[in-house]
1. Would you be able to tell me the number of residues in the stretch 80-115 that are part of a strand (DSSP E or B) and either within 22 Å of Leu11 (Cα to Cα) or open to solvent by 30 Å² or more (accessible area, probe 1.4 Å) (or both)?
2. Of all residues in the stretch 48-57, count the ones that are surrounded by 15 or more Cβ atoms within 10 Å (Cβ to Cβ) and of a type outside the set (A, V, I, L, M, F, W, C).
3. Do we find that Thr69 is part of a strand (DSSP E or B), without any contact (Cβ under 8 Å) to a residue 40 or more places away in the chain and either of a type outside the set (A, V, I, L, M) or surrounded by 14 or more Cβ atoms within 10 Å (Cβ to Cβ) (or both) in this structure?
4. Given the criterion without any contact (Cβ under 8 Å) to a residue 60 or more places away in the chain and not aliphatic (A, V, I, L, M), identify the matching residue among Thr101, Thr112.
5. Quick one: which residue in Ala56, Ala40 is touching a residue at least 12 places away in the same chain (Cβ under 8 Å) and more than 15 Å from Glu6 (Cβ to Cβ)?
6. When you scan the stretch 30-47, how many residues do you find that are in a loop (DSSP other than H, G, I, E, B) and surrounded by 14 or more Cβ atoms within 10 Å (Cβ to Cβ)?
7. Residue check: is Asn77 surrounded by 14 or more Cβ atoms within 10 Å (Cβ to Cβ), free of Cβ contacts under 8 Å to residues at least 12 places away in the same chain and touching a strand residue (DSSP E or B) at 6+ places or on another chain (Cβ under 7 Å)?
8. Could you list, in sequence order, all residues of the stretch 1-29 that are under 12 Å from Ser71 (Cα atoms) and open to solvent by 20 Å² or more (accessible area, probe 1.4 Å)?
Amino acid sequence: QVQLVESGGGLVQPGGSLRLSCSASGSIFSSNAMGWYRQAPGKERELVARISSGGAWKNYADSVKGRFTISRDNAKNTVDLQMNTLKPEDTAVYYCNLVPTTVSWGRGTQVTVSS
C-alpha cells in the first residue's frame, strides 16, 4: 500500500510561487502515473497535473497550464509541483495520488493565495 505525505504549502501573495512536494512510501510508486489534485472550499476535488511513471509525459488542467510544472524522482519516491504566477483561485488543499486509480489520500497541504 502506498502512503502519501504532502508538504510545502503556505500563504503567498498573488503572482508568487510555491513548490509542493509529495513523499510516497511503498513499492508501487515508480510503476504508476502520479498526479497533483486540489480541492477548494465547496468544490469537488480536481486533478490539476499528472506525470507518467517514467516522467516523460506530463499533462495539465487548462487552469494551470503554463504556470505549474510537475516532476518526479523515482529514486527518492517523490513528486513535486512547482507553482508560479499564483492566483487567488489557486487557493485549495493540494493532494498527490496515483492516476487514474487513487489510493488512500494523505492529509494534503494548504495553499492560500491572498494579498
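1. At the first step, the residues of the stretch 80-115 found to be part of a strand (DSSP E or B) are 80-83, 92-99, 109-113.
Okay, now just the ones that are also either within 22 Å of Leu11 (Cα to Cα) or open to solvent by 30 Å² or more (accessible area, probe 1.4 Å) (or both), so 80-83, 92-96, 109-113.
Residues that pass the stated criteria total 14.
2. Residues of the stretch 48-57 surrounded by 15 or more Cβ atoms within 10 Å (Cβ to Cβ): 48-51, 53, 55.
Now restrict to residues that are of a type outside the set (A, V, I, L, M, F, W, C): 50, 53, 55.
The number of residues fulfilling the criteria is 3.
3. Values: part of a strand (DSSP E or B): yes; without any contact (Cβ under 8 Å) to a residue 40 or more places away in the chain: yes; either of a type outside the set (A, V, I, L, M) or surrounded by 14 or more Cβ atoms within 10 Å (Cβ to Cβ) (or both): yes.
It is true that Thr69 is part of a strand (DSSP E or B), without any contact (Cβ under 8 Å) to a residue 40 or more places away in the chain and either of a type outside the set (A, V, I, L, M) or surrounded by 14 or more Cβ atoms within 10 Å (Cβ to Cβ) (or both).
4. On the way: Thr112 fails: without any contact (Cβ under 8 Å) to a residue 60 or more places away in the chain.
Within the list Thr101, Thr112, the selection yields Thr101.
5. Working: Ala56 fails: touching a residue at least 12 places away in the same chain (Cβ under 8 Å).
On inspection, the qualifying residue turns out to be Ala40.
6. Start the filter on the stretch 30-47 by keeping residues that are in a loop (DSSP other than H, G, I, E, B), which leaves 32, 40-45.
Now restrict to residues that are surrounded by 14 or more Cβ atoms within 10 Å (Cβ to Cβ): 32, 40, 45.
Adding up the residues that qualify gives 3.
7. Values: surrounded by 14 or more Cβ atoms within 10 Å (Cβ to Cβ): yes; free of Cβ contacts under 8 Å to residues at least 12 places away in the same chain: no; touching a strand residue (DSSP E or B) at 6+ places or on another chain (Cβ under 7 Å): yes.
Against the criterion (surrounded by 14 or more Cβ atoms within 10 Å (Cβ to Cβ), free of Cβ contacts under 8 Å to residues at least 12 places away in the same chain and touching a strand residue (DSSP E or B) at 6+ places or on another chain (Cβ under 7 Å)), Asn77 does not qualify.
8. Of the residues in the stretch 1-29, the ones under 12 Å from Ser71 (Cα atoms) are 19-22.
Correct list: Arg19, Ser21.
The values are calculated or read from the model by the stated rules, or taken from the named source; none is laboratory data. Computed from a prediction, not measured in an experiment: that's the story for all the values here. All Cβ positions, glycine included, derive from the backbone under ideal geometry; neighbour counts span all protein chains shown. When the accessible area is computed, the model is the full protein with side chains, heavy atoms only, and any ligands, DNA or RNA have been set aside. Shrake-Rupley method; radii C 1.70, N 1.55, O 1.52, S 1.80 Å.
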